[in-house]
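Asker: Right, I'll just put the structure down here and ask away after.
Please treat every number below as a calculation from the coordinates, not as lab data. Just so it is clear, the structure is predicted and the values come from calculations on it, not from any experiment. Backbone-built Cβ (ideal geometry, glycine too); neighbour counts: all protein chains shown.
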Amino acid sequence: MRLLVVTSFNDRSERALYRGFKEAGIDVEVMCSPRAPEIAELRNADIPVSTFEIRHRLDLSVVGRIRKRLKETAFDVLYLPRNHSLSVGLMASRGLKVKTIGYRGTIGHLSWFDPASWITYLNRRLDKIICNSNAVMAYLRSLHVPESRLAMIYKGHDVSWYESKASGLEEFGIPGGAFVVGFAGCIREVKGVDVLLEAALRLGNDDNSHFLLVGEVRDSSLVRLAQDPRIRDRIHLPGFRKDASALMGACDVFVMPSLEREGFPRAVIEAMAQEVPPIVTTVGGMPEMVADGESGVLVPPADPGSLAAAIVKLRDDAQLRERLGSAARDKIRGAFNIDETTRRMIALFEDLLRKP
């Protein structure tokens, strides 16, 4: 089997996936941005890489280069895991026998009235869309994407990727012995971080809980809320950090308080892999990640009272935190491990190629 991947960059899970394909005997080739830092890693794994920049969804120069490569080699599968690569890849493969597969990890932002949707996920020439959760698959069904074009495969991880924990959080002004609640992600309104701050207000002025909120702040109202004199000494906003995953590993609990349209957030996976018990809302794919009372805690969205109660429950019960954290790590080892993802992806390719 010959597989061509067209993308902009390749995250850790994707790089491990392509190496797994290679080990299984699949000839894998990657076309990506020349700025992708992982090119050397892929080439060291004997995965050929060619580069170009996809400037926009209708970049005809890129379409021509992909089509030329598809005609040069009889690829069986064309994998297009990014929005821009999906549109140019579908145009490049028109009239060719190669099977086209896309990837969808988010809920929302598609519409029958949006031309961009019709050249990507609603394009009838797309043979398969891999959804990273049942919630994403249900969303695509709601847009009348045929069931035959959908497959649910969780994005795989390896717990060993996240074993390097931060040594401490003193650099943020968090005192030793504090109970630390972590969040990592782009801080936008839809993430519900304001609800988390409202929950912090309910814990009382003498509470020893500190909140480490890592990520670019795009919600201006949040900054004002964080300055409330009742909590401002316990709210820490360091901005974007490359070591966000390790910082979350040093927290006592992790919270993802999203309000809507949440797919399968990687930050939750990273915290769970480090045995940090998660508190997440019942939004999107997160109930698939966290079993309430078994591998974390589920709370309703936009409900600061329930969120505060969950934080207090874990704050006051170290044994519960340990049990939930251990089960969370085991869940990543099981349903969400990279070997299972690789196996299921290969099975999908083989099944697709058996069909006319």
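Asker: Quick check: Cα centre of segment 201-277 to Cα centre of segment 1-54, how many Å?
Answerer: Rounded to whole Å, the Cα centres lie 33 Å apart.
Asker: What share of Cα pairs, in percent, lie more than 17 angstrom apart in segment 232-331?
Answerer: Details: 2429 of 4950 pairs.
Beyond 17 Å sits 49 percent of the P(r) for segment 232-331.
Asker: Convert each backbone phi in segment 316-325 into a coupling constant with the Karplus relation 6.51 cos²θ - 1.76 cosθ + 1.60 (shift: θ = phi - 60°), then list the ³J(HN,Hα) values in order as whole Hz, x for Gly and Pro.
Answerer: Using θ = phi - 60°, the values come out as 8, 9, 5, 5, 5, 4, 5, 5, 5, x Hz.
Asker: Cα axis of helix 338-354 to longest principal axis of the chain: angle in degrees, 0 to 90, nearest 10?
Answerer: Between helix and principal axis, roughly 30 degrees.
Asker: Let me ask another. Could you give the Stokes-Einstein D for segment 160-333 in µm² per second, using the C-alpha Kirkwood radius, 4 °C, 1.567 mPa s? Don't jump to the answer; show the numbers that get you there.
Answerer: On the way: Rh = 15.6 Å.
It comes out at roughly 83 µm²/s.
Asker: Report Rg (one decimal) and Dmax (nearest whole number) for the chain, counting Cα atoms only, units Å.
Answerer: 21.7, 69
Asker: Taking Cα pairs under 8 Å and at least six residues apart, what relative contact order does segment 8-103 come out at, in percent?
Answerer: Values: 108 pairs, mean separation 22.4, N = 96.
Relative contact order here is 23 percent.
Asker: Taking the alpha-carbon distance from residue 331 and a cut-off under 20 Å, which lysines remain once sequence neighbours fewer than 8 residues away in the same chain are dropped?
Answerer: Straight-distance partners of residue 331: 155, 165.
Asker: Report the relative contact order of the chain, percent, no decimals, based on alpha-carbon pairs under 8 angstrom and at least 6 residues apart.
Answerer: Values: 656 pairs, mean separation 53.2, N = 356.
Here the relative contact order equals 15 percent.
Asker: Name the residue from 283, 121, 300 whose Cα lies farthest towards the positive end of the charge dipole of the chain, charges +1 on Cβ of Lys and Arg and -1 on Cβ of Asp and Glu.
Answerer: Ranked along the dipole, the leading option is 121.
Asker: Show which lysines lie in cross-link reach of residue 97 when reach means a straight Cα distance below 19 angstrom and same-chain residues fewer than eight apart are skipped.
Answerer: Hits, sequence-local ones excluded: 68, 71, 128, 355.
Asker: Here is a further query. What is the helix-to-structure angle for 12-23, meaning the angle in degrees between its Cα long axis and the longest Cα principal axis of the chain, kept from 0 to 90 and rounded to the nearest 10?
Answerer: 40
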